[in-house]
Amino acid sequence: MMFVAFALFPIAATFGAEAYLIDLFRRIMIFAIAALALDLLVGYGALVSFGHAAFIGIGAYAVGILAASNVSDMIISLPLAIGAAALFAYLTGTICLRTRGVYFIMITLAFGQMAYFFAGSLAPYGGDDGLTLAMRSTLLGFAPFKHDLLFYYIVLGCLVGCYWLCRALVISRFGRVFRGARENPTRMAALGFDVFRYQLTAYTISGALGGLAGFLLANATDFVSPAYMSWHRSGELIVMIILGGIGNLNGAIVGTVAFLLLGEWLSDLTENWEMIFGPLLVVIILLARGGLLGLAAQMAAWYRRENILSVGDFIAAVGRYLRQLARRTIKSTLQTSRSRSRG
Amino acid sequence: MVEPVLRLEALHKSFGGLMVTRDVTVELAADELHAIIGPNGAGKTTLINQISGLIAPDSGRIVFGGRDVTALPAPERAALGLARSFQITSILPAFSVLENVALAVQARSGSSFRFFGRASSEEALNKPAMAALDEVGLADRADVIAGRLAHGEKRALELAIALAMEPKLLLLDEPMAGAGREESQRLITVLSRLKGRFPMLLVEHDMTAVFALADRISVLIYGQILTSGTPEEVRADPRVIAAYLGDEME
Amino acid sequence: MFTYLFIVQTLNGLQFGVLLFLIAAGLTLVFGVMNFINLAHGVQYMLGAYLAVMFYAMTGSMLLALVFALLASLAVGLFLEFVIFRHLYDRDHLDQVIATFGIILFLDQAVKYVWGAAPLSLPIPDMFSGSVVLMPGLIYPIWRLVIIGSGIAVALLLYVLVSRTRFGMLVRAGANNAPMVSALGVNIRRLFMIVFGFGTMLAGFAGIMIAPILSVQPGMGDTILILAFVVIVIGGIGSIRGTFIAALLIGLADTLGRSFAVDFLRLFMAPSPAQVVGPAIASMLIYLMMALVLYFRPTGLFPPKGR
C-alpha cells in the first residue's frame, strides 16, 4: 500500500542522507491531503471547485497571522486554521451551490480570487510579498515540527487520517446521498432528500481539510503568501486528481505524487521541463480514460489479452498496438469529411 | 365522509400564454386507484409535477393528508409520504439495483447525516429494500448496476423505489411507458397486487392497464378535467369517445 | 480635471472590454457549440502577439505582420484541433481541462524557449501612432481608439454572421442542441473546425492588436484567459450578445475600479485605510460582480434558450 511506501521512505532516504527528499515528500503528502479533499467533491459529487487553493491559503494564513501575534500553540492555531477554512467554505458554499456545472467552476474561482486579492491587501502581514512564519507551531510547549522526521510522520499521520475519513464519508449513509445527488438530483428530491444541505456539508468538510493542508504547509515552508491561493494552485490541484483518476481516493494520492515528482524530476533534467510535461499530460489524457489508475487498469487488461510473458512478447504487442493505432488514425482522418453525430 | 388523501382545488398553471392546467379539481379517496387519462399534450405530466412539487401552480391549492402543501418544496412533500415514479426513467444509473432501493428506505428511516459506518451493509436498509425488489420481481437482479438493466426492469425498479418509500400516496407517471406487451402485463400484475395497500394516482397511456386497474378515472383534455367517474361511466361517456376519436383522426 | 480623467479611464475601460470580447467570443462559441472547455485559448492570444512581433521583425511592415500572424494563428489553431482537440469533444469536461492545461504548459515554455523570457514589444504603426485631441485638453492615443473601433467592427461582423447567415443559424442551433444539428445532416466536424479556427483567429487578432501597447511576454495569456471565462459566464455561455455586454461591463468595472476605488472610498473613510482597502476592492470587483450575477442568474445574463 502507498502509505507503507511513504512510511518506509525516510528510512531509505537516510542512507542517501538526502534531507531535501524528505522535504519534497512531506510537501507531496501535504498536497495529497488537499487533493483528497478536492476529490471528495469532484469525484463523488461532480462539484468541480476551482477555488480550492483558497482553503489552503486560509489555513496557512491563520497560522501565519497567529504566529505574527506570538500565538504559536496549535491548540489554538489548528482549530482556528481548520475552522476559518470551514467557515469560508460554508459561507461561499451557500452561494456557489446554487449553480451547476461550468457555472459552479467559475463561481468557486471567483471566491478563490477574492480570497487571493484579499490576502494580497493584508499590508500588516506582508501584502503581496507574504510573510515569513515567526515560528513553527508548538504543542503545549513542545515543538513537534522542529524535528524534520517527526514532522514527516505527523504529516503522514494526517494524510492517513484524511484518507480514512474520506473513505468513511463516501461509503456512509451521508456519502450515499451525496453520490446520489451527482447521479440524479431530481430523483433525490423526489425521495425526500434536500440535496443542497448534503452538498453544503461535503463542501464544508472539504474546505476544512484544505485548511488542515494549509496549516501543515505554512509550517513546512515557514512562509505564507497570497500565491498559495492563486488560481494556478487550484488548477494544479484539479490536474493532480484528474491525472491520478477521479472518483477514487487512491487516484488523488497517485496523481499528486506523479504530478509533483514528475515536475521535480523533469525540472532537474532540463530547464524547459514544461515542454515535456505538457505534452505528457495530453498524451496520458488521450490514451487513458480515468487517469493514471485507469491507464494502469487498461495496461493490465492489455497484458492479459496479449498474453505477455517476456520482453519479446511485449515488443511484439507494442508493434501490433502501434499498427492498429496508425490504421485507426488514417481511417478517422479519411472520415473527416463525413459527418459524425454526438450523443 | 372521510377526508380524502389528496385534494386538488382549482389548480391553474400556464407556460407563457399556454394554459396547461385549467381549473383542475380532483379528489382521491383512501385506498383508491385513480387514473388520469388524456391525449398527448393534455397536461398530465405537468399535473403530476405540480402535485409532487417540481413545479408550482399559478393558483389553486393542493391538500395532502389534510394539510395544504401547495407551497412545500418537493423533498418535504416526499418526506410527508408522497412518492412518485417518473415517466422518463429516473434512477441512479451508477448505483446497484439494491442501493437504489436502499436509498429510498434510508430516506424515510432516520437521519442521513451519518458520516460513519458502511451504508451498504446496514441490514435495516437492505432488508426492506430486498422486500420491495421481491414484490416487483427484481430480487435476483439486486447486485446489478442499475444502468445496465433492460428497459422494463428499469420501470420495475422505479416502482420498487416508490414502494420502499412506504408512501401515503403513490404518483405513477406512465409506469408502462416504453415497456413491451409482456413487461406491461407483468407491471399490471404487480400494481394490482399493490392496489388497496395505499392510494395511487396513475397517469397512463395504456388503456388496457387503466381499465384493468383503476377504481375511478378522470379524463384530462387541454389541461381541463372533462369528466370523472368509474371505468364503466367513462367508457360510456360520449364526450370521451369524441375526444379520443377526434384525437386519433388528426 | 476629474472629468477628463474619467473620460480617459472610461475609454481605457472600453478598450480593455473590447479586447476581452475578442478573446471571449471565440471561447464562448467553442464552448457553446462544441461543449468544449479550451483553456489553451489564452495561449493562442499570446501566440498571436508573438507571431506579430516575429513577422514584423521579418517584414518590417505592420500590415504584413498582421496578415501573416493571423494566418499563422489560424494554422496553429487548426493544427491543434486536428491533432488533439478533435479527440476530446465527446470526452468529459475535466479531461478537456487537463489536456488543454498541458498545452498551456507547453506553449508558455516553448515561447520562452524560442523568443526568450524577456518581454518584447511591437511598435505602433506609423499611421496610427501619436495621440488625437478629443476635446480641448483631452488627448488620447490613436491606437487605443483603433482597438476599440476594430473590436466593435468584429462584434458587428459576428452579430451579422451569427444572426443572418446559414452558418450562424447552425452555430446558434449547435449552441442549443448539437445532436439535433447533426441529425439534420450537417457536417458537424467541419462546422466544429470552422468555429474553432475562427475562435482561434479572434484570439490571435486580440493578441496582435494589444501587442503595441502591452509588453509581449510568456504567461500573458493566462490571466486574460481567466477574465475571458468570467466574461462568458456572466454573459451566458454561447451568447455573443451576452459576451459583448459582459466584456464591456468587466472592462469598464475593472479599469474604473482600479483608478477610482481609493478616491471613492475616501468619501466614506479615512485616507489611510482607503489607501489599503481600495486596491483590494478594485482587484476583487469583477469577481464580486460575477458572484452577484450568478447568485441571481445562475446561468448568466443571457443564457441561450433550450439549455
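The values are calculated or read from the model by the stated rules, or taken from the named source; none is laboratory data. Note that the structure is predicted; figures quoted are calculated from it, not measured. Quick reminder, even Gly has a Cβ in these numbers, built from the backbone with ideal geometry, and neighbours come from all protein chains shown. The area values use the complete protein model at the heavy-atom level, side chains included, leaving out ligands, DNA and RNA. Shrake-Rupley method; radii C 1.70, N 1.55, O 1.52, S 1.80 Å.
Out of the residues in the stretch A:116-126 meeting the condition of being open to solvent by 10 Å² or more (accessible area, probe 1.4 Å) and part of a helix (DSSP H, G or I), tell me which one is farthest from the other protein chains (Cβ to nearest Cβ).
Filtering the stretch A:116-126 for residues that are open to solvent by 10 Å² or more (accessible area, probe 1.4 Å) and part of a helix (DSSP H, G or I), the one farthest from the other protein chains (Cβ to nearest Cβ) comes out as A:TYR125.
Being of a type in the set (Ser, Thr, Tyr), assigned to a helix (DSSP H, G or I) and open to solvent by 20 Å² or more (accessible area, probe 1.4 Å) narrows it down to one residue among A:TYR61, A:TYR103; which is it?
A:TYR103
Looking only at the stretch B:137-167, count every residue that is away from chain A (no Cβ under 13 Å) and in contact (Cβ under 8 Å) with a residue 12 or more places away in the chain and tell me the total.
Number satisfying all stated conditions: 13.
Kindly indicate whether any position in the stretch B:208-218 is open to solvent by 20 Å² or more (accessible area, probe 1.4 Å), among the basic types (Lys, Arg) and touching a Ser or Thr at 6+ places or on another chain (Cβ under 9 Å).
Yes - at least one qualifying residue is present in the stretch B:208-218.
I'd like to know if the stretch A:9-28 contains one or more residues that are modelled with pLDDT of 95 or more and not aliphatic (A, V, I, L, M).
no
Select, from B:THR89, B:THR45, the only residue that is assigned to a helix (DSSP H, G or I), within 14 Å of chain A (Cβ to nearest Cβ) and open to solvent by 10 Å² or more (accessible area, probe 1.4 Å).
Every option except B:THR45 fails the conditions.
Any idea which residue in the stretch B:110-136 is modelled with the highest pLDDT, counting only those that are in a helix (DSSP H, G or I), surrounded by 15 or more Cβ atoms within 10 Å (Cβ to Cβ) and within 11 Å of another protein chain (Cβ to nearest Cβ)?
B:LEU125
Pick from the stretch C:210-233 the residues that are over 20 Å from C:VAL97 (Cβ atoms) and among the β-branched types (Val, Ile, Thr): which of them is surrounded by the most Cβ atoms within 10 Å (Cβ to Cβ)?
Here the answer is C:ILE210.
Residue by residue through the stretch C:103-134, note down the ones that are away from every other protein chain (no Cβ under 14 Å), under 25 Å from C:GLY251 (Cα atoms) and in contact (Cβ under 8 Å) with a residue 12 or more places away in the chain.
C:PRO119, C:LEU120, C:SER121, C:LEU122, C:PRO123, C:ILE124, C:PRO125, C:PHE128, C:SER129, C:GLY130, C:VAL132, C:LEU134
Restricting attention to the stretch A:132-155, does a residue exist that is within 30 Å of C:ARG258 (Cα to Cα) and either surrounded by fewer than 20 Cβ atoms within 10 Å (Cβ to Cβ) or without any contact (Cβ under 8 Å) to a residue 24 or more places away in the chain (or both)?
Yes, some residue in the stretch A:132-155 is within 30 Å of C:ARG258 (Cα to Cα) and either surrounded by fewer than 20 Cβ atoms within 10 Å (Cβ to Cβ) or without any contact (Cβ under 8 Å) to a residue 24 or more places away in the chain (or both).
I'm checking my understanding of the structure. Among residues of the stretch B:167-183 that are under 13 Å from the mean Cα position of the chain (by Cα) and among the acidic types (Asp, Glu), which one is surrounded by the fewest Cβ atoms within 10 Å (Cβ to Cβ)?
Ranking the candidates gives B:GLU174 first.
Residues in the stretch C:83-94 that are surrounded by fewer than 21 Cβ atoms within 10 Å (Cβ to Cβ) and either within 17 Å of C:GLY221 (Cβ to Cβ) or free of Cβ contacts under 8 Å to residues at least 60 places away in the same chain (or both): how many?
Total satisfying the criteria: 7.
Does B:LEU245 count as hydrophobic (A, V, I, L, M, F, W, C), outside any loop (DSSP other than H, G, I, E, B), modelled with pLDDT of 85 or more and more than 17 Å from the chain's Cα centre (by Cα)?
No: the conditions fail for B:LEU245.
Does B:ALA83 qualify as being small (Gly, Ala, Ser) and part of a loop (DSSP other than H, G, I, E, B)?
So B:ALA83 fails the test.
From the list C:ILE152, C:ILE139, which residue is under 30 Å from C:SER61 (Cα atoms) and either polar (S, T, N, Q) or modelled with pLDDT under 90 (or both)?
C:ILE139
Please work out which residue is nearest to the other protein chains (Cβ to nearest Cβ), limiting yourself to the stretch B:92-109 and to residues that are closer than 20 Å to B:LEU80 by Cα and open to solvent by 20 Å² or more (accessible area, probe 1.4 Å).
B:ALA107
Restricting the first residue to the stretch C:292-304 and requiring it to be under 19 Å from C:VAL30 (Cα atoms) and surrounded by 17 or more Cβ atoms within 10 Å (Cβ to Cβ), which pairs with a second residue that is among the polar types (S, T, N, Q) and at pLDDT below 90 meet a Cβ separation below 6 Å and a spacing of at least six or different chains?
Once the first residue is under 19 Å from C:VAL30 (Cα atoms) and surrounded by 17 or more Cβ atoms within 10 Å (Cβ to Cβ) and sits in the stretch C:292-304, its partners that are among the polar types (S, T, N, Q) and at pLDDT below 90 give C:PHE302/C:SER239; C:PRO304/C:ASN176; C:PRO304/C:SER239.
Looking at (1) at pLDDT below 90; (2) more than 14 Å from chain A (Cβ to nearest Cβ), can you tell me which one C:ALA178 breaks?
C:ALA178 satisfies every listed condition except (2).
How many residues are more than 10 Å from chain C (Cβ to nearest Cβ), within 30 Å of A:ARG179 (Cβ to Cβ) and not small (Gly, Ala, Ser) if we restrict to the stretch A:229-273?
The qualifying residues number 12.
Is it the case that the stretch C:211-223 has a residue that's within 14 Å of chain A (Cβ to nearest Cβ) and touching a Leu at 6+ places or on another chain (Cβ under 7 Å)?
So far as the stretch C:211-223 goes, no, none of its residues is within 14 Å of chain A (Cβ to nearest Cβ) and touching a Leu at 6+ places or on another chain (Cβ under 7 Å).
Assess whether A:ARG98 counts as being open to solvent by 50 Å² or more (accessible area, probe 1.4 Å), assigned to a loop (DSSP other than H, G, I, E, B) and within 14 Å of chain C (Cβ to nearest Cβ).
Here the answer is yes, as A:ARG98 does meet what is asked.
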